[in-house]
Amino acid sequence: MSDLADLKERLERLKHEAIEQIYLADSLPSLEQLRIQYLGKKGALTEILKGVGQLPADERPVIGRSVNSLKHDLGEALREREAVLRAQLEEERIASERIDVTLPGRRHPRGAMHPIQKGIHEMTAIFQQLGFLVAEGPEVEDEFHNFDALNIPPEHPARAMHDTFFFADGHLLRTHTSPVQIRAMQAMVKRGEEPPLAVVAPGRVYRCDYDMTHSPMFHQVEVFQVGSKLSMAHLKGILKFFLSSYFGRELPIRLRPSYFPFTEPSAEVDIGCVFCEGKGCRVCKQTGWLEVLGSGMIHPNVLKAVGIDHSQYSGFAFGLGVERLVMLKHGIPDLRLFFENDVRFLRRMGA
Ligand code: PHE
(Lines give C-alpha, C1' and ligand atoms only; values in the text may rest on other atoms or scores of the structure.)
Protein backbone atom coordinates (compact mmCIF):
# COMPACT_ATOMS: atom_id res chain seq x y z
CA MET A 1 0.00 0.00 0.00
CA SER A 2 1.31 3.45 -0.85
CA ASP A 3 2.03 5.87 1.95
CA LEU A 4 -0.80 8.03 0.70
CA ALA A 5 -3.35 5.24 0.81
CA ASP A 6 -2.06 4.24 4.21
CA LEU A 7 -2.43 7.77 5.57
CA LYS A 8 -5.89 8.12 4.13
CA GLU A 9 -6.97 4.94 5.80
CA ARG A 10 -5.55 6.02 9.13
CA LEU A 11 -7.44 9.30 8.83
CA GLU A 12 -10.65 7.47 8.08
CA ARG A 13 -10.26 5.14 11.11
CA LEU A 14 -9.35 8.06 13.32
CA LYS A 15 -12.49 9.88 12.22
CA HIS A 16 -14.79 6.98 13.09
CA GLU A 17 -13.15 6.29 16.41
CA ALA A 18 -13.13 9.97 17.40
CA ILE A 19 -16.74 10.67 16.45
CA GLU A 20 -17.91 7.62 18.36
CA GLN A 21 -16.00 8.58 21.50
CA ILE A 22 -17.20 12.17 21.32
CA TYR A 23 -20.74 10.94 21.06
CA LEU A 24 -20.27 8.73 24.13
CA ALA A 25 -18.61 11.40 26.28
CA ASP A 26 -20.86 11.95 29.33
CA SER A 27 -19.26 14.99 30.92
CA LEU A 28 -17.61 18.26 29.93
CA PRO A 29 -14.23 17.26 31.42
CA SER A 30 -14.13 13.96 29.50
CA LEU A 31 -15.11 15.86 26.33
CA GLU A 32 -12.21 18.24 26.91
CA GLN A 33 -9.98 15.18 27.36
CA LEU A 34 -11.02 13.99 23.88
CA ARG A 35 -10.37 17.37 22.31
CA ILE A 36 -6.84 17.30 23.65
CA GLN A 37 -6.40 13.67 22.61
CA TYR A 38 -7.33 14.35 18.95
CA LEU A 39 -6.80 18.01 18.22
CA GLY A 40 -4.23 19.00 20.84
CA LYS A 41 -0.59 19.95 20.16
CA LYS A 42 0.51 16.37 20.86
CA GLY A 43 -2.75 14.88 19.57
CA ALA A 44 -3.43 12.21 16.98
CA LEU A 45 -3.89 14.65 14.08
CA THR A 46 -0.60 16.38 14.74
CA GLU A 47 0.99 12.95 14.80
CA ILE A 48 -0.39 12.24 11.31
CA LEU A 49 0.67 15.62 9.93
CA LYS A 50 4.23 14.74 10.90
CA GLY A 51 4.10 11.85 8.40
CA VAL A 52 3.02 14.15 5.57
CA GLY A 53 6.60 15.36 5.17
CA GLN A 54 7.64 11.96 3.83
CA LEU A 55 5.09 12.08 0.99
CA PRO A 56 5.97 13.23 -2.51
CA ALA A 57 5.29 16.95 -2.95
CA ASP A 58 2.22 16.47 -5.17
CA GLU A 59 0.47 14.25 -2.65
CA ARG A 60 0.94 16.53 0.31
CA PRO A 61 -1.95 18.92 -0.50
CA VAL A 62 -4.32 15.96 -0.82
CA ILE A 63 -3.56 14.80 2.70
CA GLY A 64 -3.46 18.39 3.92
CA ARG A 65 -7.04 18.90 2.76
CA SER A 66 -8.17 15.63 4.35
CA VAL A 67 -6.58 16.56 7.66
CA ASN A 68 -8.19 20.02 7.58
CA SER A 69 -11.60 18.63 6.80
CA LEU A 70 -11.23 16.06 9.59
CA LYS A 71 -10.21 18.87 11.99
CA HIS A 72 -13.31 20.73 10.96
CA ASP A 73 -15.57 17.68 11.39
CA LEU A 74 -14.19 16.83 14.82
CA GLY A 75 -14.54 20.44 15.89
CA GLU A 76 -18.19 20.35 14.87
CA ALA A 77 -18.78 17.06 16.70
CA LEU A 78 -17.16 18.44 19.88
CA ARG A 79 -19.29 21.60 19.79
CA GLU A 80 -22.49 19.65 19.24
CA ARG A 81 -21.76 17.26 22.07
CA GLU A 82 -20.83 20.15 24.37
CA ALA A 83 -24.15 21.84 23.69
CA VAL A 84 -26.00 18.64 24.58
CA LEU A 85 -24.06 18.14 27.80
CA ARG A 86 -24.58 21.78 28.83
CA ALA A 87 -28.29 21.50 28.25
CA GLN A 88 -28.39 18.38 30.41
CA LEU A 89 -26.52 20.15 33.22
CA GLU A 90 -28.90 23.07 33.08
CA GLU A 91 -31.87 20.74 33.27
CA GLU A 92 -30.41 18.99 36.32
CA ARG A 93 -29.75 22.33 37.98
CA ILE A 94 -33.29 23.53 37.45
CA ALA A 95 -34.67 20.24 38.76
CA SER A 96 -32.51 20.36 41.90
CA GLU A 97 -33.37 24.00 42.62
CA ARG A 98 -37.08 23.63 42.27
CA ILE A 99 -38.90 25.33 45.15
CA ASP A 100 -41.74 23.53 46.85
CA VAL A 101 -44.09 26.39 47.65
CA THR A 102 -46.39 24.05 49.59
CA LEU A 103 -43.79 23.29 52.32
CA PRO A 104 -44.68 24.90 55.66
CA GLY A 105 -42.38 27.81 56.62
CA ARG A 106 -39.70 27.60 59.29
CA ARG A 107 -40.70 29.33 62.49
CA HIS A 108 -38.37 31.78 64.21
CA PRO A 109 -39.41 31.84 67.87
CA ARG A 110 -39.65 35.38 69.16
CA GLY A 111 -37.11 36.30 71.84
CA ALA A 112 -37.77 38.43 74.88
CA MET A 113 -35.78 40.41 77.40
CA HIS A 114 -34.78 38.45 80.52
CA PRO A 115 -36.96 39.48 83.49
CA ILE A 116 -33.89 40.70 85.39
CA GLN A 117 -32.78 42.93 82.52
CA LYS A 118 -36.34 44.16 82.17
CA GLY A 119 -36.45 44.96 85.89
CA ILE A 120 -33.15 46.85 85.68
CA HIS A 121 -34.46 48.86 82.72
CA GLU A 122 -37.69 49.72 84.52
CA MET A 123 -35.93 50.73 87.74
CA THR A 124 -33.19 52.72 86.01
CA ALA A 125 -35.75 54.56 83.88
CA ILE A 126 -37.58 55.80 86.98
CA PHE A 127 -34.40 57.49 88.24
CA GLN A 128 -33.44 58.79 84.82
CA GLN A 129 -36.84 60.45 84.69
CA LEU A 130 -35.86 62.23 87.94
CA GLY A 131 -32.60 63.44 86.36
CA PHE A 132 -30.23 60.83 87.80
CA LEU A 133 -27.26 59.88 85.61
CA VAL A 134 -26.62 56.22 84.83
CA ALA A 135 -23.17 54.94 85.81
CA GLU A 136 -21.50 51.56 85.75
CA GLY A 137 -18.37 50.23 87.42
CA PRO A 138 -16.12 47.19 87.03
CA GLU A 139 -17.21 43.82 88.40
CA VAL A 140 -13.59 43.04 89.27
CA GLU A 141 -12.82 45.61 91.93
CA ASP A 142 -10.02 46.45 94.34
CA GLU A 143 -10.28 46.56 98.13
CA PHE A 144 -10.09 50.33 98.14
CA HIS A 145 -13.30 50.87 96.16
CA ASN A 146 -15.22 47.88 97.54
CA PHE A 147 -14.25 48.38 101.20
CA ASP A 148 -11.73 51.00 102.39
CA ALA A 149 -13.25 54.07 100.71
CA LEU A 150 -16.67 52.89 101.95
CA ASN A 151 -15.47 53.18 105.52
CA ILE A 152 -14.87 49.45 105.93
CA PRO A 153 -11.28 49.23 107.24
CA PRO A 154 -9.28 45.95 106.90
CA GLU A 155 -10.21 44.44 110.27
CA HIS A 156 -13.84 45.54 110.17
CA PRO A 157 -16.28 42.66 110.80
CA ALA A 158 -18.47 43.87 107.89
CA ARG A 159 -15.68 42.74 105.60
CA ALA A 160 -16.05 39.13 106.74
CA MET A 161 -19.84 39.37 106.43
CA HIS A 162 -19.50 40.09 102.73
CA ASP A 163 -18.45 36.54 101.71
CA THR A 164 -16.05 37.94 99.17
CA PHE A 165 -14.57 36.08 96.19
CA PHE A 166 -10.90 37.10 96.08
CA PHE A 167 -8.37 36.80 93.26
CA ALA A 168 -4.78 35.78 94.01
CA ASP A 169 -3.54 39.30 93.16
CA GLY A 170 -5.74 40.98 95.81
CA HIS A 171 -8.51 42.02 93.42
CA LEU A 172 -12.03 40.79 94.17
CA LEU A 173 -15.47 40.40 92.65
CA ARG A 174 -17.43 43.38 93.96
CA THR A 175 -19.82 42.35 96.72
CA HIS A 176 -22.15 45.30 96.11
CA THR A 177 -22.63 48.23 93.73
CA SER A 178 -21.62 50.78 96.37
CA PRO A 179 -18.07 51.03 94.92
CA VAL A 180 -19.71 52.82 91.97
CA GLN A 181 -20.56 55.60 94.46
CA ILE A 182 -16.84 56.01 95.04
CA ARG A 183 -15.95 55.88 91.35
CA ALA A 184 -18.68 58.34 90.30
CA MET A 185 -17.77 60.85 93.04
CA GLN A 186 -14.05 60.52 92.26
CA ALA A 187 -14.77 61.14 88.57
CA MET A 188 -16.77 64.26 89.42
CA VAL A 189 -13.96 65.62 91.62
CA LYS A 190 -11.43 64.83 88.90
CA ARG A 191 -13.51 66.78 86.36
CA GLY A 192 -13.21 69.74 88.75
CA GLU A 193 -16.95 69.75 89.39
CA GLU A 194 -18.92 70.20 92.59
CA PRO A 195 -22.14 68.53 93.75
CA PRO A 196 -25.05 68.19 93.08
CA LEU A 197 -24.47 64.72 91.73
CA ALA A 198 -27.25 62.17 91.34
CA VAL A 199 -26.47 58.70 90.04
CA VAL A 200 -28.21 55.38 89.43
CA ALA A 201 -25.83 52.43 89.00
CA PRO A 202 -27.16 48.99 88.08
CA GLY A 203 -24.94 45.93 87.84
CA ARG A 204 -23.90 42.42 88.78
CA VAL A 205 -22.49 41.66 92.22
CA TYR A 206 -21.01 38.49 93.73
CA ARG A 207 -21.06 36.77 97.10
CA CYS A 208 -19.90 33.31 98.10
CA ASP A 209 -23.38 32.19 99.08
CA TYR A 210 -25.83 29.73 97.55
CA ASP A 211 -29.22 28.47 98.72
CA MET A 212 -32.98 28.89 98.09
CA THR A 213 -32.80 32.67 98.35
CA HIS A 214 -29.14 33.41 97.59
CA SER A 215 -27.22 33.15 94.33
CA PRO A 216 -23.43 33.69 94.10
CA MET A 217 -24.14 36.23 91.35
CA PHE A 218 -27.02 38.63 91.58
CA HIS A 219 -27.92 42.19 90.60
CA GLN A 220 -28.18 45.42 92.49
CA VAL A 221 -29.23 48.93 91.66
CA GLU A 222 -27.32 51.59 93.59
CA VAL A 223 -28.81 55.06 93.90
CA PHE A 224 -27.22 58.07 95.52
CA GLN A 225 -27.32 61.82 95.52
CA VAL A 226 -24.86 64.35 96.92
CA GLY A 227 -25.71 68.01 97.34
CA SER A 228 -26.17 70.76 99.86
CA LYS A 229 -28.71 70.29 102.65
CA LEU A 230 -29.82 66.81 101.63
CA SER A 231 -31.57 64.99 104.47
CA MET A 232 -33.38 61.77 105.35
CA ALA A 233 -36.53 63.53 104.13
CA HIS A 234 -35.15 63.61 100.58
CA LEU A 235 -34.15 59.96 100.89
CA LYS A 236 -37.62 58.96 102.04
CA GLY A 237 -39.29 61.04 99.33
CA ILE A 238 -37.25 59.44 96.56
CA LEU A 239 -37.82 55.96 98.03
CA LYS A 240 -41.57 56.45 98.22
CA PHE A 241 -41.70 57.76 94.64
CA PHE A 242 -39.48 54.98 93.31
CA LEU A 243 -41.20 52.06 95.05
CA SER A 244 -44.69 53.29 94.15
CA SER A 245 -43.64 53.84 90.51
CA TYR A 246 -42.00 50.44 90.23
CA PHE A 247 -44.93 48.52 91.75
CA GLY A 248 -47.40 50.67 89.87
CA ARG A 249 -49.45 51.71 92.90
CA GLU A 250 -49.23 53.74 96.08
CA LEU A 251 -47.31 51.65 98.64
CA PRO A 252 -46.79 52.39 102.33
CA ILE A 253 -43.10 52.43 103.27
CA ARG A 254 -41.28 52.56 106.57
CA LEU A 255 -37.66 53.08 107.60
CA ARG A 256 -36.16 51.02 110.43
CA PRO A 257 -32.85 51.92 112.09
CA SER A 258 -30.02 49.74 110.82
CA TYR A 259 -26.29 49.76 110.32
CA PHE A 260 -23.99 50.08 107.30
CA PRO A 261 -20.42 51.32 107.66
CA PHE A 262 -20.86 53.72 104.73
CA THR A 263 -24.08 55.40 105.91
CA GLU A 264 -24.95 57.26 109.08
CA PRO A 265 -27.71 57.10 110.05
CA SER A 266 -28.63 53.89 108.25
CA ALA A 267 -32.07 52.50 107.62
CA GLU A 268 -33.62 49.30 106.38
CA VAL A 269 -36.56 50.05 104.11
CA ASP A 270 -39.81 48.05 104.20
CA ILE A 271 -42.84 48.21 101.92
CA GLY A 272 -46.35 47.20 102.94
CA CYS A 273 -46.67 43.52 102.00
CA VAL A 274 -47.71 43.33 98.32
CA PHE A 275 -49.34 39.91 98.85
CA CYS A 276 -51.71 40.66 101.76
CA GLU A 277 -51.80 44.47 101.57
CA GLY A 278 -50.42 44.65 105.11
CA LYS A 279 -52.95 42.31 106.73
CA GLY A 280 -50.32 39.69 107.52
CA CYS A 281 -49.55 36.53 105.54
CA ARG A 282 -47.04 33.72 105.18
CA VAL A 283 -44.70 35.75 102.94
CA CYS A 284 -44.43 38.73 105.33
CA LYS A 285 -44.43 36.36 108.32
CA GLN A 286 -47.60 38.04 109.65
CA THR A 287 -45.81 41.41 110.02
CA GLY A 288 -47.55 43.12 107.10
CA TRP A 289 -44.14 44.44 105.94
CA LEU A 290 -41.49 43.27 103.46
CA GLU A 291 -37.86 44.36 103.73
CA VAL A 292 -36.67 45.56 100.33
CA LEU A 293 -33.44 47.54 100.60
CA GLY A 294 -30.72 49.19 102.67
CA SER A 295 -30.21 52.94 102.81
CA GLY A 296 -28.86 55.87 104.74
CA MET A 297 -27.07 59.21 104.71
CA ILE A 298 -23.61 58.90 103.14
CA HIS A 299 -21.03 58.69 105.96
CA PRO A 300 -18.68 61.73 106.20
CA ASN A 301 -15.72 59.35 105.97
CA VAL A 302 -16.92 58.28 102.50
CA LEU A 303 -17.10 61.88 101.29
CA LYS A 304 -13.66 62.45 102.82
CA ALA A 305 -12.24 59.44 100.99
CA VAL A 306 -13.16 60.93 97.60
CA GLY A 307 -12.25 64.53 98.47
CA ILE A 308 -15.71 66.08 98.88
CA ASP A 309 -16.06 68.66 101.67
CA HIS A 310 -18.46 67.02 104.12
CA SER A 311 -19.04 70.23 106.04
CA GLN A 312 -20.55 71.71 102.88
CA TYR A 313 -22.19 68.69 101.28
CA SER A 314 -24.24 65.71 102.37
CA GLY A 315 -25.88 62.86 100.54
CA PHE A 316 -28.10 59.83 100.73
CA ALA A 317 -27.66 56.40 99.22
CA PHE A 318 -29.46 53.13 98.88
CA GLY A 319 -28.84 49.79 97.28
CA LEU A 320 -31.44 47.24 96.32
CA GLY A 321 -31.44 43.65 95.17
CA VAL A 322 -32.98 43.45 91.69
CA GLU A 323 -33.94 39.76 91.93
CA ARG A 324 -35.81 40.35 95.18
CA LEU A 325 -37.78 43.30 93.85
CA VAL A 326 -38.67 41.54 90.58
CA MET A 327 -39.78 38.46 92.57
CA LEU A 328 -42.03 40.58 94.78
CA LYS A 329 -43.53 42.49 91.85
CA HIS A 330 -44.34 39.34 89.84
CA GLY A 331 -44.93 36.85 92.65
CA ILE A 332 -42.01 34.66 91.57
CA PRO A 333 -41.51 32.02 94.28
CA ASP A 334 -37.94 30.85 93.69
CA LEU A 335 -34.82 32.86 92.92
CA ARG A 336 -33.36 30.00 90.91
CA LEU A 337 -36.00 30.41 88.19
CA PHE A 338 -34.05 33.46 86.99
CA PHE A 339 -30.94 31.43 86.29
CA GLU A 340 -32.28 28.08 85.08
CA ASN A 341 -33.41 29.59 81.77
CA ASP A 342 -36.45 27.34 81.53
CA VAL A 343 -38.01 28.72 78.39
CA ARG A 344 -41.57 28.33 79.80
CA PHE A 345 -40.72 30.71 82.64
CA LEU A 346 -38.95 33.16 80.35
CA ARG A 347 -41.87 33.06 77.90
CA ARG A 348 -44.38 33.78 80.63
CA MET A 349 -42.28 36.68 81.94
CA GLY A 350 -41.24 37.99 78.54
CA ALA A 351 -44.62 38.61 76.93
N1 PHE B 1 -24.35 48.11 99.69
C2 PHE B 1 -25.35 47.65 100.63
C3 PHE B 1 -25.54 46.14 100.46
O4 PHE B 1 -25.11 45.59 99.49
C5 PHE B 1 -26.68 48.33 100.40
C6 PHE B 1 -26.63 49.79 100.68
C7 PHE B 1 -26.32 50.70 99.70
C8 PHE B 1 -26.89 50.27 101.95
C9 PHE B 1 -26.27 52.04 99.93
C10 PHE B 1 -26.87 51.62 102.23
C11 PHE B 1 -26.55 52.49 101.22
O12 PHE B 1 -26.10 45.50 101.31
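Key figures for this structure:
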read-out	value
Test: residue in the range 198-213 that is more than 11 Å from the ligand (Cβ to nearest atom), without any contact (Cβ under 8 Å) to a residue 24 or more places away in the chain, in contact with a strand residue (DSSP E or B) (Cβ under 7 Å, 6 or more places away or on another chain) and at negative phi	no
Matching entry among GLY319, GLY331, GLY350 (being within 17 Å of PHE242 (Cβ to Cβ), out of contact with any Pro (no Cβ under 6 Å at 6 or more places or on another chain) and small (Gly, Ala, Ser))	GLY319
Residue list for the range 147-193, restricted to those being in a loop (DSSP other than H, G, I, E, B), in contact (Cβ under 8 Å) with a residue 40 or more places away in the chain and closer than 19 Å to PHE316 by Cα	ASN151, ILE152, HIS176, THR177, SER178
Residue within the range 272-288 that is touching a Phe, Trp or Tyr at 6+ places or on another chain (Cβ under 7 Å), within 16 Å of the ligand (Cβ to nearest atom) and not hydrophobic (A, V, I, L, M, F, W, C) present	no
Failed item, numbered, when ASP169 is tested on (1) at negative phi; (2) touching a helix residue (DSSP H, G or I) at 6+ places or on another chain (Cβ under 8 Å); (3) not assigned by TED's automatic domain parsing to the domain that holds ASP26	(2)
Given (1) exposed (fewer than 15 other Cβ atoms within 10 Å of the Cβ); (2) farther than 29 Å from PRO109 by Cβ; (3) of a type outside the set (Asp, Glu), index of the condition GLY350 fails	(2)
Output for the range 276-296, where each listed residue is in contact with a strand residue (DSSP E or B) (Cβ under 9 Å, 6 or more places away or on another chain) and at pLDDT below 95	GLY278, VAL283, CYS284
Matching residues, the range 257-302, being in a strand (DSSP E or B) and of a type in the set (Val, Ile, Thr)	THR263, VAL269, ILE271, VAL292, ILE298
So TYR210, is it under 26 Å from PRO333 (Cα atoms), in the same structural domain as LEU303 (by TED's automatic domain parsing) and crowded, with 20+ Cβ neighbours inside 10 Å	no
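Residue by residue, here is whether (1) part of a strand (DSSP E or B); (2) without any contact (Cβ under 8 Å) to a residue 12 or more places away in the chain; (3) under 30 Å from MET185 (Cβ atoms) holds:
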{"position": "ILE308", "(1), (2), (3)": "no, no, yes"}
{"position": "GLY315", "(1), (2), (3)": "yes, no, yes"}
{"position": "PHE318", "(1), (2), (3)": "yes, no, yes"}
{"position": "PHE339", "(1), (2), (3)": "no, no, no"}
{"position": "PHE345", "(1), (2), (3)": "no, yes, no"}
{"position": "MET349", "(1), (2), (3)": "no, no, no"}
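Table: residues versus (1) part of a strand (DSSP E or B); (2) touching a strand residue (DSSP E or B) at 6+ places or on another chain (Cβ under 7 Å); (3) at positive phi; (4) more than 15 Å from the ligand (Cβ to nearest atom).
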{"site": "LYS236", "(1), (2), (3), (4)": "no, yes, no, no"}
{"site": "LYS240", "(1), (2), (3), (4)": "no, yes, no, yes"}
{"site": "TYR246", "(1), (2), (3), (4)": "no, no, no, yes"}
{"site": "LEU251", "(1), (2), (3), (4)": "no, yes, no, yes"}
{"site": "LEU255", "(1), (2), (3), (4)": "yes, yes, no, no"}
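The values are calculated or read from the model by the stated rules, or taken from the named source; none is laboratory data. Note that the structure is predicted; figures quoted are calculated from it, not measured. Cβ: placed from backbone, ideal geometry, glycine included. Neighbour counts: every protein chain shown.
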